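Laboratory data are not the source of any read-out in this text; all were calculated from the coordinates shown. Predicted model only: the values in this text are computed from it and were never measured. Note that each Cβ is placed from the backbone with ideal geometry, even for glycine, and that neighbours are counted across all protein chains shown.
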Amino acid sequence: MDLRDLVGIKYPIIQGGMANIADHMLASAVSNAGGLGLVGCGGWDPERVRDEIKKTQELTDKPFGVNIMLMSPYAEELSDLVIELGVKVVTTGAGNPGKYIQKWKDAGIFVIPVVPSVAFARRVERAGADAVIVEGTEAGGHIGEITTLNLVPQVCDAVNIPVIAAGGIADSRGLDAVYCLGAKGVQIGTVLLASYECPIHENYKQKVVKAKDTETVVTGRQTGAPVRVLKNKMAKEYLNLTKYGDTPLEELEKLTLGSLRKAVFDGDIDGGSFMAGQSAGLVKEIKSIEEILKNIFENSRVAKGTL
Ligand code: TUI
């Protein structure tokens, strides 16, 4: 079954979790435009998340979900909060959601973990996931190693639940491509950064729009949490420090501490961590969320029914 029927939306498009960015404004804009908007919890505490979910409920009567970033110190509390607030769809990232899946299912929540490998997809299917989001290394933020082109068909062969593709998708060609590989929907993030509604600093949006194909780098491989960001002074310094693997973790943490916030809120071109995927090279202008979703879907062969 296609993602549209699975969660009751117009376009088979989910918004990425986008830590520190995906608030009620973005989530409700995506849901009102016909996709599945998400409140991305990132490192927010439960009170902040409660407020964001309530505001989203006020701003849309369409389905929306919550993304729980499992490296968050609040993951356990958030796993109960989504049940308490009657959230319909939960996606997870950056960890194993296995211990939460059964209680979410018992509460009638549709559970879609983001996975970076075939083994992980199998594991969450066994634990009861309803679908998987398969995220290729082209994606922004915290990533796995395998490309979307290779990972999507291998996961489709390995599991019996629907596969949603993520990583490198920013237009209708990407949507069609992953449907050819067996996907039943897509998750997008980078292209949504370049929208009027996205609550990030204007400098961040301009950095995405101006980015060329070679403009992203991966930091954090040394620490075991690889993160794809747009190149800047901060990313270069970080890569220099980790070149020989002898920089203490505390020093690296000092450098990255608060750097995502610096990018999102201050637009700090040199010191910010501008998380984005390789599809930034495809994003040329700032548009409304409605226009972005409509363009991706209406120009696709999926929409024409020829794929
Ligand atoms: O989670 C994401 N993308 C993210 S989370 C995030 S916040 C953050 N910032 C800095 C460092 C770390 C996190 C920014 N972007 N995408 C989904 C995703 N999940 N990608 C990779 C994974 C993943 C990785 C390992 C999922 C499971 C996993 O399992 C490890 C285990 O527990 O065995």
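Cross-link partners of K304 among aspartates and glutamates, defined as those whose alpha carbon lies under 14 angstrom from its own and excluding same-chain residues fewer than eight positions apart: D176. Computed across the chain, the Kirkwood radius stands at 19.1 Å (inverse of mean 1/r, all Cα pairs). Panel order for T60, T92, by other beta carbons found within 10 Å of each beta carbon, from fewest to most: T60, T92. Highest mobility in the GNM of the chain, judged by mean-square fluctuation with C-alpha springs under 10 Å and restricted to G65, G108, G182, is found for G108.
Based on the mean of other Cβ atoms within 10 Å per residue, sort peptides 237-245, 6-14, 50-58, 291-299 so the most packed one is first.
Details: 237-245: 13.7, 6-14: 21.8, 50-58: 16.9, 291-299: 18.4.
Sorting 237-245, 6-14, 50-58, 291-299 by mean packing, highest first, produces 6-14, 291-299, 50-58, 237-245.
Listed by chain and number, the lysines whose C-alpha is less than 23 Å from the C-alpha of K210, apart from same-chain residues fewer than 8 away, are K231, K233, K236, K262, K284, K287, K294.
When only DSSP loop residues count, what GluC sites (Glu not before Pro) in segment 116-159 have their Cβ near at most 13 other Cβ atoms within 10 Å? Provide the component values of the computation, followed by the final result.
Values: sites: E125, E135, E138, E145; in loops: E138, E145.
Taking segment 116-159 and a limit of 13 other Cβ atoms within 10 Å, the loop GluC sites (Glu not before Pro) found are E145.
Cα centroid separation, segment 1-67 to segment 131-171: 20 Å. Report note on the peptides 223-231, 266-274: ranked by the mean count of other C-beta atoms within 10 Å, highest first, their order is 266-274, 223-231. Neighbours of T214 by Cβ distance under 15 Å: Lys/Arg scored +1, Asp/Glu scored -1, total +3.
Put in order of Cβ neighbour count within 10 Å, fewest first, the listed residues T214, T137, T91, T219 become T214, T137, T219, T91.
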